[in-house]
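Shown next, in structure tokens, is the structure this report addresses.
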Amino acid sequence: MPKTGGYAVDIELTINGERTIVEAGSETDLATVLRQHGYIGVKCGCDGGTCGASKVFVDGEVRMACGMTAADADGSEVQTVAALGTQDDLHPVQQAFVDNFAVQCGFCIPGMVIQAVALLDSNPDPTEREVREALDDNVCRCTGYQKPVEAVLDAADRMQGEQSVAADGGQPASLGPRGADSTDCCGGGCDE
Amino acid sequence: MNNDDETAKADGGTASQSETVEDERHEEHPLEWDEPENNDKAPDERDSVSHRAEKYDDRKLVTGQAKYTADYEERYPDLAYAAVVRSEIPHGRVTGIDASAAEAMDGVEVVLTPESDAVPNGKYTSAGQSYPEPSPWDMRVLNEHVRYIGDPVAAVAAEDRATATAAVEAIEVSYEEDDYVTDPEEAFDGDAPQLFEDGEVENEIVGYDYDRNRMAHIEGELGDVDAALDGDTHVHETEWETIRQSHANVEKHTSLAYTDEDDRHVLITSTQVPNHTRRQLAHLFDIPIRDIRVTKPRVGGGFGGKQAMVVEPIPLALSLATDRPVLYEASRQEEFYAMRSRHPMKVRAKTAVTDDGDIEAIDLYALSNTGAYGSHGMTVAGNVGSKPLPLYSKVPNARFEADIVHTNTPQTGAMRGYGAPQGTLALEGHLDEVARDLGLDPIEFRRRHHMEVGDLDEIAGMMGGEGAERRIRSCGLDECIERGKEAIGYDDLEQPEEDHLHRGIGMALSAQGTGVAGDELGAAQLMMNEDGSFHLQVGGVDIGTGADTAFLQIAAEVLGCDEDDIIVKSSDTDVTPFDYGAYASSTTYISGMAVKKAAEDAKARILDWGSKLLDEPVEKLETGNGTVYSETSGDSVALEEIGYEAAYGDDEREHILGKGTHCTDESPPPFAAQFADVTVDETTGEFDVHKLVVAVDCGVAINPGMAEGQIEGANHMSYEMAVSEGITLDDEGRAEVTDFDEYGLPSATETPPIESILVETHEPTGPFGAKSVAEVPTNTVPPALSNAVRDAVGVRIREMPITAEKIASKLDERTD
Ligand code: FES
Ligand code: FES
């Protein structure tokens, strides 16, 4: 359950580039404060610390927003998934998740995307194992991780400007002739 | 042998049938199916179906803008928050509730107890099924007689979540404790504490016997199993055990209730079954169905856990009592002990097999632990037999029996696979063992017996249910086996160099259904806007599977327009037509067919308008690329022009609408062949799963990308059932698991790579040839992994989860 309460404090946060002063309980967690201010891309899937859905960047570091008080973030730059891309102009990681069908219910996805962006920032060309390790504390119940892992590897390729699997139509070889059909693969989001 | 109808039927459709009987049955279950022509267009001739169309809501999901129930919070400034007091004892009566301290707290709005006016008195089942539910009405919203640690006793509404939680802690409940029983075998043996009095339960289920804590008993037989077992055959018997698996949906059960400006009660709720929930709430609260509106925003996973009315009555009762909107979001801990889980079961498999390796009889028996209440108890247990047994419908004698018993343990319910995983483990593990004992190749052994196109599957109908007997019109099992074998490298397996490491491959087959035969309904309507776009209103429920996208693809294929030109509104009981909900793998097949019919209905009107505008007969016209065009002259008119013309142009103006309703007695099985590649360390029992391969025949994949996602996710869930302990309970039936870490969900590094293979066939009864896909790969990893371990080191693990310790102890036995 979200932690709230304590005495009221003013907290200065720069959220997705916008400086804001929020009033919150000294014990209120950052996820609750962000959500209260409309940043609903911060998801809460557990009672704290075990699902990874609430991941955000705090001063460039990945943090579970449920796991720290908003007061601890006083003076920080906070970035939620909403800062990464818009629906019309997705971040390459978001685009890769879409093109690789790595999103099912989507509840875990903001946290996954944040984690994947952090990984590719520090390691632009990860191995599959490194991707899995990076996503290890992001619980996804829907996908079995196969497609999210493929999406992150694909995003790495895209970000390095290489031709990606999805730009080829995103088709595993096993699908046969329809693999050649690229126009419907990603709603126009890929290079073709 | 007689040739009369009775005997022929009991005989399993073998050669002795008279021609008359065969003819009648062909008529009833024809092989050739009169299908619409566009159903079998080659995939590459299609514009929308069979393509990897982008998932409709994906851009919103990846940018964090999609709204789930809890995200509606900000819309209701006077929102109150709910929390629930739950029983701390496994069995007994509430003798007093002291809520004075809680009521005195700042910010506490109301405390409800079983006595409160706003709390319904009546009994119900949480199972979101058709009406009257095939589940007993045995529970109350708040209980005086508590039957497990977690039973709801009181509920609080407060200004904020923290106050609600603090209030719950301040409420003191006193109990008179009764004896309890948590082990299903003990519960069933006659001397155990009894959970229900006779006559206490409404809507009792066949075979109930509350003296023995039995909620239901089911059985069915084809042929004469005992005679076959007594005959000159090898009789094998094995027993299998499955875990109490959690749905572990990442979005917790969440529900928001308020009364709107028209005095109607609205629930925004994370559900798979909006229409069932509306009906259940109406009965429970004695409110006319029309005065309740149930709507589902994005849902963060369901997997059957949200095919239950688990949370909705609480915020509704609190909102009625406080006249405020109320949000109830279960805690993660509550998810594990107070929501729902898969029924843990013991399943016994017995076969009679001849020297030549012909299976003469299969006999399955399941003892299912339904927990404190009976929701989905009988129907889930039924599927233990009725889903896997038809795989071997050529076997002349088959029997299935199940006892479903109550224990003082958390409540079970529907979960993806719905009984089939338990039955598939037993059957596919058993047959593998039989083949190995007889010195036969386990795959060839299966090939000799498995179902094929043209088979009349009587096993599916042997437990009753008129429409359940079926003709198999599509079956890609052989191709599933072939392609799976190849992908896993079955024929060229290399053994590790170290002597103590052994590599093995296990395989298992699976069949599921597509919808509940004779018991489903989906409906859809399509409105054309004057700009040539459409609004698709469909009762079908997308819980993250991509159903909305599949609906759009189906509609776009028929209408010849782009998916982007259709807006989908699904699952809002005020706006969308009736639908049974997202369960039983029915969504694409049933609701999708309703969408197809609605689109065809709209298309007929559009062609009429096209005919007027192009001055050509309807028969010459087709839709495509957002136009109506003439196949002869090549002239065309844009849908947009038709939209404006229909709305503003002609004396006979009309709003172009299409409607479609679908229900059917058919439930064609999708099929899967699973392979697992494992290396086992003979010194420690430790094992490493290198890869899972699962090949699935889902008919035509409406969207291959989404279908693969469903397959992989299901396989992951199946893998978890094979290797994780699930929700473990202490002696009193208290869930020891409080968070994901304790639950032991395999993480990204702990999950082996999963390769999904789509084996496409054409199911003539489905929309564009589709069957279901999301459940069948949930059934197969436990048997395939058990078989792989057996293949590698010769020991057999029959109790899930498969652990290094269990393997090691068997290895010790083996060397003794
Ligand atoms: S809500 Fe923060 S990790 Fe789960
Ligand atoms: S997509 Fe549903 S939890 Fe990850």
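Run the numbers on region A:33-74: which residues show a drop of 30 Å² or more in accessible area, chain on its own versus all protein chains together, using a 1.4 Å probe over heavy atoms?
Buried by 30 Å² or more upon assembly, which counts only protein chains, are A:ARG35, A:ILE40, A:LYS43, A:GLY45, A:ASP47, A:THR50.
Quickly rank B:575-587, B:626-638 as a protection proxy: mean count of other C-beta atoms within 10 Å, highest first.
Packing proxy ranking, top to bottom: B:575-587, B:626-638.
Considering only DSSP beta bridges where both residues belong to region B:353-448, give the percentage that are antiparallel (nearest 5).
Given both bridge residues lie in region B:353-448, the antiparallel proportion sits at roughly 10 percent.
Per-residue HN-Hα couplings for region A:73-88, Karplus 6.51 cos²θ - 1.76 cosθ + 1.60 at θ = phi - 60°, whole Hz, x for Gly and Pro?
Going residue by residue, I get 8, 3, x, 8, 8, 10, 10, 9, 4, 5, 7, 7, x, 9, 4, 7 Hz, with x marking Gly and Pro.
What is the set of long-range amide H partners of B:ARG86 at a cut-off below 5 Å, with H atoms built 1.01 Å from backbone N?
B:VAL153
Please report, for the Cα atoms of region B:698-816, the Rg to one decimal and the Dmax as a whole number; what are they, in angstrom?
Just the Cα atoms of region B:698-816 yield Rg and Dmax of 18.0, 58 Å.
So which residues in region B:38-63 end up with at least 40 square angstrom less accessible surface once the other protein chains are there, compared with the chain by itself, probe 1.4 angstrom?
Buried by 40 Å² or more upon assembly, which counts only protein chains, are B:HIS51, B:ARG52, B:GLU54, B:ASP58, B:ARG59, B:LEU61, B:VAL62, B:THR63.
Ranking request for peptides B:97-103, B:379-385: highest mean number of other beta-carbon atoms within 10 Å first, then the rest in descending order.
Put in order of decreasing packing, that is B:379-385, B:97-103.
I want to verify the translational diffusion coefficient of the protein assembly as shown in µm²/s; compute it with Stokes-Einstein, Rh as the Kirkwood radius over Cα pairs, at 4 °C and 1.567 mPa s.
Reported coefficient: 44 µm²/s.
Mind listing the long-range amide H neighbours of B:GLY301? Cut-off is under 5 Å, sequence gap 5 or more, other chains count too, H placed in the peptide plane at 1.01 Å from N.
It is none; the list stays empty.
Can you return the lysines within cross-link range of B:LYS596? Criterion is Cα-Cα under 16 Å, with same-chain partners fewer than 8 residues away left out.
Cross-link targets: B:LYS41, B:LYS569, B:LYS659, B:LYS771.
For region B:587-597, what does the Karplus curve 6.51 cos²θ - 1.76 cosθ + 1.60, with θ = phi - 60°, yield as ³J(HN,Hα) per residue in whole Hz, taken in order and with x for Gly and Pro?
These are the phi-based 3J(HN,Hα) values: 4, 5, 6, 8, 5, x, 5, 4, 4, 4, 5 Hz.
With a cut-off of 8 Å between alpha carbons and a minimum separation of six or more residues, what is the relative contact order of region B:667-816 in percent?
37
Could you order B:TYR373, B:TYR131 by accessible surface area, starting with the largest, using a probe radius of 1.4 Å?
B:TYR131, B:TYR373
Give the distance, in whole Å, between the Cα centre of region B:485-530 and the Cα centre of region B:661-692.
Their Cα centres are 6 Å away from one another.
Using a 1.4 angstrom probe and counting only protein chains, how large is the accessible area of B:ASP106 in Å², to 10?
Roll a 1.4 Å probe over it and B:ASP106 shows about 140 Å².
Tell me, Kirkwood radius of chain B from alpha-carbon pair distances, in Å?
27.8
Would you compute, for the Cα atoms of region B:307-403, the largest minus smallest coordinate along each principal axis and list the three values in descending order, in whole Å?
72, 21, 19
Would you mind telling me the share, in percent, of accessible area of the protein assembly as shown contributed by carbon and sulfur at probe 1.4 angstrom?
Roughly 42 percent of what the probe reaches on the protein assembly as shown is carbon or sulfur.
Could you grab the Rg to Rh ratio for region B:497-649? Cα atoms only, Kirkwood for Rh.
Here Rg/Rh amounts to 1.22.
Just to be sure I understand: if you take the accessible area of chain B alone plus chain A alone and subtract the pair, with a 1.4 Å probe, what total do you get in Å², rounded to 100?
5300
From the convex hull of the Cα coordinates of region B:79-162, what is the mean projected area in square nanometres?
6.7
What figure, in Å² to the nearest 10, do you get for the accessible area of B:ASP263 with a 1.4 Å probe and non-protein molecules left out?
For B:ASP263, the solvent-accessible surface is approximately 110 Å².
B:LYS350: which lysines have alpha carbons under 25 Å from its alpha carbon, excluding same-chain residues fewer than 8 sequence positions away?
Within the straight-line limit of under 25 Å, B:LYS350 reaches these lysines: B:LYS9, B:LYS387, B:LYS394, B:LYS806, B:LYS810.
If B:HIS26, B:HIS655, B:HIS449 are ordered by their accessible area, calculated over protein heavy atoms with a 1.4 Å probe, which sequence runs from highest to lowest?
These residues rank, largest area first, as B:HIS655, B:HIS26, B:HIS449.
Which order do you get for B:ASP572, B:ASP117 if you rank them by accessible area with a 1.4 Å probe, largest at the top?
B:ASP117, B:ASP572
Please list B:416-422, A:153-159 highest first by mean number of surrounding beta-carbon atoms within 10 Å per residue.
The peptides rank, most packed first, as B:416-422, A:153-159.
On average, how many beta carbons from a partner chain sit within 10 Å of the beta carbon of a residue in B:248-257?
That works out to 4 on average.
Keeping all protein chains in the complex and leaving out DNA, RNA and ligands, what accessible area do you get for B:LYS41 with a 1.4 Å probe, in Å² to the nearest 10?
80
Return the long-range amide H neighbours of B:ALA80 (sequence gap of 5 or more, or a different chain), with a cut-off of under 5 Å between placed amide H atoms.
Correct list: B:VAL326, B:LEU327.
What are the ³J(HN,Hα) values, in whole Hz, obtained from phi via the Karplus relation 6.51 cos²θ - 1.76 cosθ + 1.60 with θ = phi - 60°, for each residue of region B:389-401 in sequence order, with x given for Gly and Pro?
4, x, 3, 10, 5, 6, 5, x, 10, 8, 9, 9, 9
Per residue, what volume in Å³ does the Cα convex hull of region B:615-740 take up?
That works out to 301 Å³ per residue.
The values are calculated or read from the model by the stated rules, or taken from the named source; none is laboratory data. Computed from a predicted model, the values in this text were never measured in an experiment. Neighbour counts run over all protein chains shown; Cβ positions are idealised from the backbone, glycine included. Note: areas computed on protein heavy atoms with side chains; ligands, DNA, RNA excluded. Shrake-Rupley method; radii C 1.70, N 1.55, O 1.52, S 1.80 Å.
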